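Reading through the structure tokens given below for one structure.
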Amino acid sequence: MNRRDAVLALAALGAFPVGSNAQQTGKIVRLGILSPLSASAFAPNDQALRQGLSELGWVEGRNFVITTRYAEGRYDRLPGLAAEIAGLKVDAIISGSTPGALAAKNATTTIPVVFVTTGDPVASGLIASLARPGGNVTGLTVLGRELSAKRLAILKEAFPGVSHVAVIANPDGPESAPMLKGLDGAVKALGIKLRILEVRGPNELEKTFATIASARVGAIMVLTDILFLTHRERIVELAAKTRLPAMYAFREHVNAGGLMFYGAPLDDMWRRAATYVDKILKGAKPADLPVEQPTKFELVINLKTAKALGITIPQSVLARADEVIR
């Protein structure tokens with residue numbers, strides 16, 4: 001038996017898989033995940049990343065292990081957790097959210113960082129450009145500023161009689177300001193007036209929705225923020241009490257019973273993040289890997305929720321939906 005046959009025989013027996021540099025040398029790669037969410041809230045994205053790695057031939061426990069740190073929805077915890085992960089000398093850090101990615105970037109200039117964000121990575125200072133990120137950081141992003149205008153347009157199309165919309169935003173979140181700015185043009189074109197309601201913590205949700213219930217608004221729009229994703233079940237519950245239609249920035253809200261979502265599913269982005277990790281572990285430099293933007297967006301409508309609220313959604317909008325939950 002020659003050397004090549006011996007290698008293949010050992011691989012077939014599970015001694016070690018073949019493919020990447022790490023796999024060929026038998027090295028166990030250590031990955032660090034920095035999540036702005038809780039473990040339960042992050043679970044679908046965590047599963048998607050692991051699935052993506054598995055599809056690329058990586059076997060957890062055999063040629064890679066993952067260490068995860070959760071910020072539990074608190075921005076202030078991210079820098080410390082990022083430093084902790086960097087101190088473990090991991091081979092790559094995968095981080096969700098713009099604040100998480102910035103924390104990882106500030107924690108290390110040598111460990112590759114792959115981000116999954118909804119903001120603008122150039123404007124936030126994460127990278128030099130989408131085509132040539134530079135440094136040790138690259139990944140995937142959804143430019144939320146453009147999406148916020150599209151969500152408002154779909155909301156208006158579904159409910160043409162709506163003239164006032166309550167917008168829930170976290171002024172401390174990095175995504176809120178650009179998303180609100182992105183709504184400016186849409187507001188004028190659609191003839192809609194916005195009432196901006198600021199929420200900085202979960203303890204402010206009850207008061208905010210009480211204000212919405214008593215205000216003269218016809219619909220609700222919840223902007224992107226890890227606070228709102230972390231507390232999505234409570235937000236959906238409070239929104240239902242207002243009996244108003246609501247548009248969300250995360251698919252997870254609709255899964256929890258929210259009415260409408262438009263955007264790129266986070267779990268799909270995390271699955272795609274595995275391709276960046278794979279390339280980097282095989283020798284590619286983050287500086288040379290262009291940042292990826294989604295090419296497919298989904299409109300998801302929860303018809304069960306619409307019926308429970310006594311809301312009728314036009315057939316023209318339902319026909320455009322990529323998924324209708326019945």
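Odds and ends about this structure:
- Partners of K89 within straight-line reach, counting lysines whose Cα lies under 24 Å from its Cα and excluding those fewer than 8 residues away in the same chain: K27, K105, K279, K282, K285.
- Fewest-first ranking of I301, I196, I94, using other Cβ atoms within 10 Å as the exposure measure: I196, I301, I94
- FRET efficiency for the pair K282 and A43, taken as 1/(1 + (r/R0)^6) with r the Cβ-Cβ distance and R0 = 22 Å, rounds to 0.20.
- Principal-axis tilt of helix 98-107 within the chain, Cα atoms, nearest 10 degrees: 30
- Label-point separation in nm, R234 to V65, each point 7 Å along Cα→Cβ: 3.5
- Region 166-270: C-alpha gyration tensor shape, a/c 1.5 cut-off, then a/b vs b/c: rounded
- Of interest is the spacing of the C-alpha centroids, which for region 113-135 and region 263-288 amounts to 13 Å.
- Angle of helix 176-190 to the longest C-alpha principal axis of the chain, folded into 0 to 90 degrees and rounded to 10: 50°.
- Label-to-label distance, E84 versus Q51, with points set 7 angstrom from Cα along the beta-carbon direction: 2.8 nm.
- Look at H164, H253 and count the other Cβ atoms within 10 Å of each Cβ; fewest to most, that gives H164, H253.
- Helix 205-214 and the longest principal axis of the Cα set of the chain meet at an angle near 30°.
- Each of V187, V222 was scored by other Cβ atoms within 10 Å of its Cβ. Listed from fewest to most, they are V187, V222.
- Around P44: net Lys/Arg minus Asp/Glu count, Cβ-Cβ under 15 Å: -1
- Cα gyration tensor, region 33-152 - rounded (a/c under 1.5), prolate or oblate: rounded
- Mean Cβ neighbour count within 10 Å, used as a protection proxy, ranking 37-44, 262-269, 210-217, 48-55 highest first: 262-269, 48-55, 37-44, 210-217
- For region 109-250, lysine pairs with C-alpha atoms less than 27 angstrom apart, excluding pairs fewer than eight positions apart on the same chain, total 14.
No lab work stands behind these numbers, since they all come straight from the coordinates. None of these values were measured; they are calculated from a predicted model. Cβ atoms come from the backbone with ideal geometry, glycine included; neighbour counts cover every protein chain shown.
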